[in-house]
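Q: My questions will all concern the structure given below.
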Amino acid sequence: MIFDDFVSKLGKKYEKDFNLICDSSEYNNKKMLDLTLSIHQYIQASSEAIYYYFLKRKDENIEYDKRVNMENGTDVDISCSIAGYRINLEVKTPELFENTSKYKEGMIYGHLNHRYPDDMITKEDVDKEMKEIVSYFQGKADIEKMDDNKLKDYLVGCNEKVIPSDESAINVLLICLDSSTMGSFLSYILNEYTGLFSNNPFVPAKEYKKVDYIILSNCVEAHLDSKFKFNVWDASNYINFVIPNYNKKIINGKKDLLNNIFNDSFDDYCKKRTGIMCCEGNNLGDEFAFSNYLADDKNLCFCQNHEKRKY
């Protein structure tokens with residue numbers, strides 16, 4: 001079983017942490033955490049479990065696989081009621097590149113941090129430049145495809161599963177990532193050229209107009225590092241960015257509630273963003289900024305350079 005494989009790799013603490021947090025046999029059996037067919041399916045199911053149990057501590061009547069949009073025929077992963085609000089969450093976890101058939105150990109991989117408008121740089125120009133970089137490494141490097149289309153699929157899919165929120169409902173797309181990929185998704189969302197809230201967004205706002213918030217979490221780290229001293233199945237131990245859909249009116253009551261529930265770090269990141277985004281006067285974007293954010297003392301256990309992590 002894949003769960004046993006992770007226990008073997010990460011140690012008995014991983015299993016002990018699971019038993020302390022994930023204590024509903026009904027939910028565990030329904031989600032078949034121990035019978036998933038692939039590593040990706042397991043990490044997806046685990047991400048749902050981490051946040052299901054996290055929110056269950058706040059709403060004992062929490063529901064999973066909840067039909068919200070009766071016309072759509074599909075369910076949202078989690079639905080709960082907290083402080084008078086009904087919160088509907090769709091949970092998505094992109095497949096780690098290292099777990100795909102395209103990944104080859106020992107190779108150096110590069111990627112674009114986000115799309116650019118065609119009038120700024122064409123796809124042909126990008127491809128040419130990338131090939132020149134790869135050739136410099138004489139077969140020891142390759143290009144990793146961007147995951148921004150996954151973000152688009154997640155937004156459109158979540159939008160289809162929910163109904164427009166009223167004053168007492170909040171629709172949330174929760175994307176669970178490792179620390180490295182979280183920086184990439186942050187760049188897809190916030191970059192000034194084609195980000196979701198730019199003048200030239202790669203996803204039209206109308207395609208996810210029912211999504212009120214996007215939450216990014218680095219909880220996939222639970223399955224990647226055996227040295228964490230905290231309970232790896234507890235969502236409160238990870239970095240959560242509660243990002244409003246700035247194309248909509250921001251309702252402070254909803255934002256404050258989500259910030260409090262998820263122990264939001266996005267506001268803190270935004271305060272530091274300009275200073276940690278630049279290097280020698282050049283704006284290097286959110287992927288670079290987020291890497292610097294993880295190098296801060298309070299986040300150092302998630303530092304992208306594992307050799308510099310402090311637990």
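Q: Could you list, in sequence order, all residues of the stretch 188-200 that are crowded, with 18+ Cβ neighbours inside 10 Å and in a loop (DSSP other than H, G, I, E, B)?
A: Of the residues in the stretch 188-200, the ones crowded, with 18+ Cβ neighbours inside 10 Å are 188-191, 194-196.
Scanning the stretch 188-200 gives Asn191, Thr194, Gly195, Leu196.
Q: Kindly establish whether Lys298 is in a helix (DSSP H, G or I) and exposed (fewer than 13 other Cβ atoms within 10 Å of the Cβ). Lay out the reasoning, then the answer.
A: Working: in a helix (DSSP H, G or I): yes; exposed (fewer than 13 other Cβ atoms within 10 Å of the Cβ): yes.
Yes.
Q: Of the conditions (1) open to solvent by 30 Å² or more (accessible area, probe 1.4 Å); (2) farther than 19 Å from Asn305 by Cα, Ser226 fails just one. Which one is it?
A: (2)
Q: Please go through the stretch 216-273 and pick out each residue that is out of contact with any strand residue (DSSP E or B) (no Cβ under 9 Å at 6 or more places or on another chain) and closer than 27 Å to Pro201 by Cβ.
A: Correct list: Tyr246, Asn247, Lys248, Lys249, Asn252, Asp256, Asp268, Cys270, Lys271, Lys272, Arg273.
Q: Here is a further query. Looking only at the stretch 82-97, how many residues end up being among the aliphatic types (A, V, I, L, M) and open to solvent by 60 Å² or more (accessible area, probe 1.4 Å)?
A: Number of matching residues: 1.
Q: For the subset of the stretch 37-61 comprising residues that are among the aliphatic types (A, V, I, L, M) and open to solvent by less than 20 Å² (accessible area, probe 1.4 Å), which member is farthest from Glu15 (Cα to Cα)?
A: Filtering the stretch 37-61 for residues among the aliphatic types (A, V, I, L, M) gives 37, 39, 43, 45, 49-50, 55.
Those still in the list that are open to solvent by less than 20 Å² (accessible area, probe 1.4 Å) too: 43, 45, 49-50, 55.
Values: Ile43: 15, Ala45: 16, Ala49: 14, Ile50: 14, Leu55: 21 Å.
Out of the qualifying residues, it is Leu55.
Q: Could you say whether any residue in the stretch 146-158 is within 12 Å of the chain's Cα centre (by Cα), at pLDDT 95 or above, buried (at least 23 other Cβ atoms within 10 Å of the Cβ) and within 25 Å of Cys301 (Cα to Cα)?
A: Scanning the stretch 146-158 turns up no residue that is within 12 Å of the chain's Cα centre (by Cα), at pLDDT 95 or above, buried (at least 23 other Cβ atoms within 10 Å of the Cβ) and within 25 Å of Cys301 (Cα to Cα).
Q: Shifting gears a bit: Being open to solvent by 70 Å² or more (accessible area, probe 1.4 Å) and farther than 22 Å from Ser81 by Cα is the filter here, so list the residues in the stretch 250-271 that pass it. Lay out the reasoning, then the answer.
A: Initially, the stretch 250-271 is screened for residues open to solvent by 70 Å² or more (accessible area, probe 1.4 Å), giving 251-252, 256, 260, 263, 271.
The answer is Lys271, and nothing else.
Q: It is to be established whether one or more residues within the stretch 164-185 are under 26 Å from Ser291 (Cα atoms) and open to solvent by 40 Å² or more (accessible area, probe 1.4 Å).
A: Narrowing the stretch 164-185 to residues under 26 Å from Ser291 (Cα atoms): 172-185.
Retained after the next criterion (residues that are open to solvent by 40 Å² or more (accessible area, probe 1.4 Å)): 180.
Yes, that holds for at least one residue.
Q: If you scan the stretch 219-240, which residues turn out to be assigned to a loop (DSSP other than H, G, I, E, B), in contact with a Leu (Cβ under 9 Å, 6 or more places away or on another chain) and under 18 Å from Tyr52 (Cβ atoms)?
A: Scanning the stretch 219-240 gives Asn231, Val232, Trp233, Asp234.
The values are calculated or read from the model by the stated rules, or taken from the named source; none is laboratory data. Remember, predicted model here, so these are calculated numbers, not experimental data. Ideal geometry is used to build each Cβ from the backbone, glycine not excepted, and the neighbour counts take in all protein chains shown. Areas reflect the complete protein model, heavy atoms only, side chains present, ligands, DNA and RNA absent. Shrake-Rupley method; radii C 1.70, N 1.55, O 1.52, S 1.80 Å.
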